[in-house]
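Every number here is computed from the coordinates shown, using simple stated rules; none is lab data. Nothing here was measured: the structure is a model prediction, and the numbers come from that model. Neighbour counts run over all protein chains shown; Cβ positions are idealised from the backbone, glycine included.
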């Protein structure tokens, strides 16, 4: 019978049936010898082209970054040294940590008319630069990483371009030669394989060394390199100097090195003092919690011993009044020396949830927040910030702006240093100030910070709203200009806060007045800001509480923030309650110009005014002159 239906059709050959031992997929793969040679040659050509492209890309890589206060061009060399070309001053040379490869840096903006080494002239011309170099030497890791990253990216980009060019040349040459001529050339190359390989390697090395040698030839060679003892104990220890730079090192360099050592010793001492002061505060907190617990137990015992209905109605922790009733709700007096606001966990008294907000369904651990502000590139405070975040067990770090001085690309290393100071896993949120810029804020974001731009972000359970400062201060440009009217920013933030469906827990802005509309409308229960370089609050304003942080750099208006502190630096530790979605207390850590650190007791966060009562307005805060 002839099969019909869907199964009808010609039967497949036996060798194509599944499981057939002679099926093509069961046969071993055998390529002809000429085909194997072609594949091997293709693989070898690709590997050789990749090596050539990488060598050319690495040895010609260059990038632009900063070195101290100046923009600098960095280029890879093959002489095994790291050299810094300071133009008419000479050069600074160090041994490279990488074999063979080195870096040649050409510093821009060095005064070309410095043609004599005179202490007074040199220090007058470069004293501000000396202060900037102290900053750079205090935390060079961020800038070094940026330079390395830039060189690697540029090397890969150049290598990819070289590889594409080589591939196009190979394909074009293949098409021009034709099959017969290619086979003839391949035979000749095979006869003298070693000679051709050695010649190609030498040509490659020479080709790669030419650009590096040309860059090396531009260095100052007016005098032989001389090791300088000025840099002993600094990141430039062992550096050799050439040209007139040797004379400058005797004046400016010694000043920079001495200032660097003084800077390092000051902040190391402050860091140690912070550890001691914090441990003392923790012991006080433990004693306060124990005293409160003991007072509560004693109050319960007194209530039970009274035996009267009135006494029992007073409840634990209450004293019966003279008539046997409750004394107008008066709480049991706390133990001497223990703040009345300290609760079981060291926090302040619980407050009612924010109007319009839903409290958390289950109790949650309080959130610890560290606030810094107006750092103004004082990277010496970076290790102190890191230590405080670690000691306090902070869940979140807030930077209230003015992280830099002038918002220039040269100051990128400042924001990278502060970002590195925050331990891994702890989120960092910042609201750019008037001394910051889009350039430095972008660097902050690339370093892991969340830069507020007018929207609400949720971090560590808090919903935070903020935006850039409406003013822009540029010292080099001669003052302050408005990039956006302050009224527009206030209105925009108030609209965002009041219309947010989930509610805003915190308004983080740089200039305090920017948040006035939000607080007046009662659309955020708390505001944190900076800008004034003076601590104010926390105090009720409108329908919320405003807190103005002082400068974490110890900055006074018009004073530099480089070197040891010239004023008291402050860092604030806040405790936020996820159940009420309100702050509970704060503690201000102070670092004085003599290196002492104080960690006082916690201060309760003010309670919000009742919704049915008119809010209490504070007098307007005076803003400092630009």
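Taking 8 Å as the Cα distance limit and 6 or more residues as the minimum spacing, I'd like the relative contact order of segment 364-433 as a percentage.
In percent, rounded to a whole number, it is 40.
From the Cα gyration tensor of segment 402-498, with a ≥ b ≥ c the square roots of its eigenvalues, which class applies: rounded if a/c is under 1.5, or else prolate if a/b is larger than b/c, or else oblate?
In terms of gyration-tensor shape, oblate.
What whole number of Å gives the distance from the Cα centroid of segment 377-432 to the Cα centroid of segment 575-610?
19
Hey, fewest Cβ within 10 Å first, where do 267, 413 land in order?
Exposure proxy ranking, most exposed first: 267, 413.
With 10 angstrom as the radius, rank 74, 547 by how many other C-beta atoms surround their C-beta, starting from the fewest.
Fewest to most other Cβ atoms nearby, the residues stand as 74, 547.
Mind sorting 174, 62 by how few other Cβ atoms lie within 10 Å of their own Cβ, fewest first?
174, 62
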